[in-house]
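The values are calculated or read from the model by the stated rules, or taken from the named source; none is laboratory data. Given the structure is predicted, the values throughout are model-derived calculations rather than measurements. When we count neighbours, we look across all protein chains shown, and the Cβ atoms used for this are built from the backbone with ideal geometry, even at glycine. SASA here: full protein model, heavy atoms, side chains in, ligands and nucleic acids out. Shrake-Rupley method; radii C 1.70, N 1.55, O 1.52, S 1.80 Å.
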Amino acid sequence: GPNYRLLVAAVRAALADRFPKYLGVDAVRYEGFPADAAFHRADLDRPLSLPDGSADLVAAVETIEHLENPRAFVRELARLAKPGGWVLVTTPNQLSLLSLFTLLVKGRFSAFQDVHYPAHRTALLEVDLRRIASECGLVNAEIHYSLEGRLIGTPWHVPGFLSRCFPRAFSDNVLLLARRAP
């Protein structure tokens, strides 16, 4: 959806100066994928046919929640990162006020309603992301937030000052940033 495209564009724009070469790996090449970037079609529930330690940065934007085995996926991301390289993972923020309110009212997190299944399979919390990173040999794990979120019961977004003051509560997405041990 539009949130995915915005996150991908923001991540690419923020990192373009540091990492000029870009390779996309996914099951499908989505509309809006940069025309100048290489693309490798793959089933992300399986090991990737890319060499160990081949990337300075491996980013999975709004991907992990779609997969059968998030731990195997992060192990694969860590394998692809060079020693000392970065792994970045984003996923829906289950601890936002919107998601917690939806859980209370509907019994499921906002991004994991019946309409989202089977596309959205695995809801992950910050603690899960940190545990998975540690189990996969990643170090210096940090949690960040998108600082973009919807107001409960409306299509409108939270004013920026609120999401900056209360990032967990008012961000639709959570981001894990960690390094492969040198």
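Some points to look at:
- Set Ala133, Ala123, Ala169: member being in contact with a strand residue (DSSP E or B) (Cβ under 7 Å, 6 or more places away or on another chain) and of a type outside the set (Lys, Arg): Ala133
- For the range 25-34, the criterion of a residue being surrounded by fewer than 17 Cβ atoms within 10 Å (Cβ to Cβ), over 23 Å from Gly137 (Cα atoms) and touching a helix residue (DSSP H, G or I) at 6+ places or on another chain (Cβ under 6 Å) is satisfied by at least one position.
- Matching residues, the range 117-166, being in contact with a helix residue (DSSP H, G or I) (Cβ under 8 Å, 6 or more places away or on another chain), closer than 19 Å to Leu44 by Cα and not charged (D, E, K, R): Ala119, His120, Thr122, Ala123, Leu124, Ile132, Ala133, Cys136
- Candidate set: the range 40-75, residues that are in a helix (DSSP H, G or I) and open to solvent by 50 Å² or more (accessible area, probe 1.4 Å); chosen: the one nearest to Arg121 (Cα to Cα): His66
- Ser110 modelled with pLDDT of 95 or more and open to solvent by less than 50 Å² (accessible area, probe 1.4 Å): no
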